[in-house]
Every structure is written in structure tokens, then in C-alpha cells.
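These notes concern the structure reproduced below.
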Amino acid sequence: MDAYRSPLLATPGAVAATEPDDGVAAHYGDPFREQRRLVAGEGAVDLSHRGVLRVSGPDRLTWLHQLLTQHVERLEPHRATSALVLDANGRVEHALYGVDDGEAFWFHTERTSAEPLRDYLEKMKFWSQVEVADVTDEFALVWEPRPEPAERHLSRVTERGRDVFVPRAELTAYVTDPAGVWAYEALRIEAREPRQGLDTDDRTIPHEVGWIGTAVHLDKGCYRGQETVARVHTLGRPPRRLVLLHLDGSVDTLPEHGAPVELDGRTVGTVGSAARHHELGPVALAVVKRNTPVDAELLAGGVAAAQEVVVDPEAGLHVRPQLR
């Protein structure tokens, strides 16, 4: 398969991004200006390298309800939702971001997740009246910092903006004022939103990165991995926790993905996403051991970093022993 390359990379000034965002533009000449425009509610980000899947059929919502961590059985049309697919041990396999248009459930996910997620869903159809389609070749994802529905295309609207499913033939015409993924990622990190594959690994459970409540509904029926979710919710203390790192701005480079996070010479975690924010300076998301002191100064890939709590060390712990 040929590597994907967005037609918007032909835009004057476009600089191609690297993995996992290869195929779209990192920026179009001025990343900080692009960030400020997005904050002002202007521009659009080409995320056409992401996978897009569609599930149709009369049983789609009740069927997905049994497979996903989110309560979607009575999902209203055009209401945004997020969900996970877990393995039997409660570890995150896929993160998806969806919306139902009344006839089909549409969602986007990481490019590397699209094919295995489609294959998994196909295997789970059994007698359900559903059809699963990978429509990545037909539809591209665009993010806009406007929290209202798009006029012409299906969109998934959240407080931060909207994900728009744009026919690929219309992508260039639709995105007339592009901003790059560097700007988008900096704002995502500021919002403390983890990204699968960057801020997670093959051991991640939902409590560790703050997906309880946003992508995991605690009052619904069984799904694969629910036992782990319920146990940690009851007893608390997942082994790791997500933090926002404010990095030393005097250092020219950002820590690489996977770089060690250290405390007093000991490795206590790893760096996930890192970016330069137009106001906060260099920032990163990292996952550290739960018992890492919340006020400790850390080193992230050798760069001094102050941490800000995203996931409380006592996440879960809803049943506390009573001493007699």
C-alpha cells in the first residue's frame, strides 16, 4: 500500500509531519500563529490521515453497546460520544470518537487501528443486523474550532470544536484556511486529552489516563474488560497516572515520545505527547507511577519538568475500609 499523502501538502508553506501524523502537514509556516487562529475560532486542521469507519443497520446501537465501554444503546442522533475497546484484562486496544446520524454510527480512530478494529467488529457480528465498513478512502476528517454543527456535512460536536466527515473529493475546497497538526496537538495537550498510541501503551487501563466518564460509562451492562474497570473503580489506585508536564523553556528540544521520566535518578514513567504551546511554552503529557509525589520536580528526557496532576493518585477507591 502506498503511503498516504494529503492533497493539502501542496499548499504553499506546508511542512510534512512525521509519525504518527505522517501524510498531513505539521504546519504551514507559522505554528504559533496557527495555534492563535484556532484559539480564536478560525481555521481548520487536516486530519485526513485518520481512519474512518461506519456501522449501519437496525441493530447497530444495541450491538455496539455490548462491545464498547460507552453507553450508546439510546444514543441520540448527532450527539458526540467517545468509547474504548478493551481486551479481556481491561487494557485499551482501541479509542474511537463517534456520532450517529440516525441511520449509521460514524467514528474515527488512529490510522493503525482502523483495519484491526474493523476486523474485530466483523468477527463479533454473529446474528446482529449490522454492516461494518471502512470508509477511510471515501471520507476525510477535518477538525474545526467551532462548537456547532457543520452546515453541509456530518459532524461530531464537542465543547472544543467539531470533527467533520468530509468527502475526500471535497477536502481541498473545504479547508481554505489550514492549520497544522502541531497546533492541534498543542491544544490537545493543553486540554489534557490523551491520545491512543502516544499517551497509552499496551498496558494502559482507562483509569490511568482519565478516560473514566468521557469514554467509559460506569453504569451499563457487560463488555470485555469490564471486570478490571469495576475493580479499579471500587478499590482504586491504578498503577500509573497521567500528568501534564511544564518543561524547561530554555532547552531547545522537546523530549521524544517514550523518553524516560526520572525522579532522583530513578525512572518513574515515560513521555507521551510533547509540543510547544503559544502561551504555556513547551508542554508534554506523561504517564508516571501512581506513587510519584505530586509536587516532585521531574526530568523528562533530560529536560527539567514541573508536573500538574491530571489523574488523581487516588483515582477510583470508591469503597474505603472502615476501621473499628
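The values are calculated or read from the model by the stated rules, or taken from the named source; none is laboratory data. Please read all numbers here as calculations on a predicted model, not as lab measurements. FYI the Cβ positions are ideal-geometry reconstructions off the backbone, even for glycines, and counts take in every protein chain you see. We work out accessible area using only protein heavy atoms, side chains counted, and drop any ligands, DNA or RNA first. Shrake-Rupley method; radii C 1.70, N 1.55, O 1.52, S 1.80 Å.
Only the Cβ atoms of Lys and Arg (+1) and of Asp and Glu (-1) were treated as charged; on that basis the dipole of region 239-323 about its Cα centre amounts to roughly 440 debye.
Please state the charge dipole magnitude for the chain, taken about the Cα centre, from unit charges on C-beta atoms (+1 on K and R, -1 on D and E), reported in debye and rounded to the nearest 20. Using only the charged Cβ atoms, the result is roughly 1000 debye.
Measuring with a 1.4 angstrom probe and ignoring ligands and nucleic acids, H49 comes out at about 10 Å² accessible. For region 1-74, the list of trypsin sites (Lys or Arg not before Pro) that fall in a loop by DSSP and count at most 14 other C-beta atoms within 10 angstrom reads R5, R74.
For region 143-234, trypsin sites (Lys or Arg not before Pro) are listed when DSSP marks them as loop and at most 11 other Cβ atoms sit within 10 Å of their Cβ; the list is R152.
Using Cα positions and a limit of under 16 Å, work out the aspartates and glutamates in reach of K220, with same-chain residues fewer than 8 apart set aside. Partners found: E73.
Short-range pairs are left out: with C-alpha atoms under 8 Å and at least six residues apart, the relative contact order of region 51-134 is 39 percent. Between E93 and V85, L86, D87, the built amide H atoms are under 5 Å apart, and every one of these is 5 or more places off in sequence or on another chain. Farthest toward the positive end of the dipole of region 51-134, out of V85, W63, A104, is the Cα of V85, where the dipole comes from beta carbon charges about the Cα centre. Once you have a ≥ b ≥ c as the square roots of the Cα gyration tensor eigenvalues for region 93-228, tell me rounded if a/c is under 1.5, and otherwise prolate or oblate according to whether a/b is larger than b/c. Verdict is oblate for region 93-228.
Hey, with R₀ at 22 Å, roughly what FRET efficiency would S56 and R231 work out to, going by the Cβ-Cβ distance, to 0.05? FRET efficiency, S56 to R231: 0.05. In the list (1) 20.6; (2) 24.9; (3) 21.2, the label attached to Kirkwood radius over Cα pairs in Å as derived from the coordinates here is (1). For region 141-289, pairs of C-alpha atoms spaced more than 25 angstrom apart make up 44 percent of the total. Taking the three principal axes of the alpha carbon atoms in region 239-323, the coordinate ranges are 52, 28, 20 Å, sorted in descending order. Straight-line cross-link reach from K123 at under 18 Å between alpha-carbon atoms covers these aspartates and glutamates, not counting any fewer than eight positions away in the same chain: D59, D87, E93, E115, E131, D134. For the set W127, W211, the ranking by accessible area, highest first and with no ligand, DNA or RNA atoms included, is W127, W211 under a 1.4 Å probe.
In the context of the full protein assembly, Y97 retains an accessible surface of approximately 50 Å², using a probe radius of 1.4 Å and ignoring ligands and nucleic acids.
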